[in-house]
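Okay, structure first, notes after.
The values are calculated or read from the model by the stated rules, or taken from the named source; none is laboratory data. The shown structure was predicted, so the numbers you read here are calculated from the model rather than taken from an experiment. Note: ideal-geometry Cβ built from the backbone for every residue, glycine included; neighbour counts use all protein chains shown.
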C-alpha cells in the first residue's frame, strides 16, 4: 500500500473512532457526521442540528491530505488529532498544524508546510 492510501485509511479510522465516542453521548436534535472525500482528500467530523441553545453547524475535525501530509485545518478535540496521528505511526514531519499562523509553525514540533 502506498503512502497516500495508507494515510487515507488512517484518517478515516481515526474519525470513525471519534464519532463512535461522540455517539455514546447523544444530544437530542444534534447529528454527528463524518465526511470522506477521497477524490479531493478532505476528511471531516461535523456536528449539525438544533439544540436548546440554537443552531449548531460546526466542524469538530477537518483534515486535508496535501502533498502527502496531513493538514489539520480544524481541531476541537481534547487531546488533538495530531496525537492520534502520531499514535498511528505518522511522523511529525508529515503533520502540519494548518490552524496555526504560518509564521508560528516553525516553533511547533511539526511540519511547517
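Test residue 77 against the stated conditions and say whether it is touching a strand residue (DSSP E or B) at 6+ places or on another chain (Cβ under 9 Å) and under 21 Å from residue 99 (Cα atoms).
Values: touching a strand residue (DSSP E or B) at 6+ places or on another chain (Cβ under 9 Å): yes; under 21 Å from residue 99 (Cα atoms): yes.
Taking the combined requirement at face value, the residue satisfies it.
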Study note, to complete from the structure: Of the conditions (1) surrounded by 11 or more Cβ atoms within 10 Å (Cβ to Cβ); (2) part of a loop (DSSP other than H, G, I, E, B); (3) at pLDDT below 95, the single one that residue 22 does not satisfy is (2)
Practice item. Filter the range 88-110 down to the residues that are in contact with a helix residue (DSSP H, G or I) (Cβ under 9 Å, 6 or more places away or on another chain) and not in a loop (DSSP other than H, G, I, E, B), then identify the one that is surrounded by the most Cβ atoms within 10 Å (Cβ to Cβ). Key: 96
Practice item. Could you grab me the full set of residues in the range 64-83 that are in contact with a helix residue (DSSP H, G or I) (Cβ under 7 Å, 6 or more places away or on another chain) and over 20 Å from residue 47 (Cα atoms)? Key: 65, 68, 69, 70
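Going by what's in this entry, would residue 32 be described as more than 26 Å from residue 3 (Cα to Cα), assigned to a strand (DSSP E or B) and in contact with a helix residue (DSSP H, G or I) (Cβ under 7 Å, 6 or more places away or on another chain)? It would help to see each step written out before you state the result.
Numbers: more than 26 Å from residue 3 (Cα to Cα): yes; assigned to a strand (DSSP E or B): yes; in contact with a helix residue (DSSP H, G or I) (Cβ under 7 Å, 6 or more places away or on another chain): yes.
For residue 32, the condition - more than 26 Å from residue 3 (Cα to Cα), assigned to a strand (DSSP E or B) and in contact with a helix residue (DSSP H, G or I) (Cβ under 7 Å, 6 or more places away or on another chain) - is met.
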Point to revise | Of all residues making up the range 61-111, the number that are farther than 20 Å from residue 13 by Cα and under 14 Å from the mean Cα position of the chain (by Cα) | key: 2
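Give the number of residues within the range 61-86 that are part of a loop (DSSP other than H, G, I, E, B), within 19 Å of residue 21 (Cβ to Cβ) and touching a residue at least 24 places away in the same chain (Cβ under 8 Å). Quick ask: steps written out before the conclusion?
The first filter runs over the range 61-86 and keeps only residues part of a loop (DSSP other than H, G, I, E, B), leaving 67-68, 76-80.
Remaining after also requiring within 19 Å of residue 21 (Cβ to Cβ): 76-80.
Subset that is touching a residue at least 24 places away in the same chain (Cβ under 8 Å): 77.
Adding up the residues that qualify gives 1.
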Check your understanding: If you go through the range 45-60 one residue at a time, do you hit one that is at pLDDT 95 or above, assigned to a loop (DSSP other than H, G, I, E, B) and surrounded by 13 or more Cβ atoms within 10 Å (Cβ to Cβ)?
Key -> no
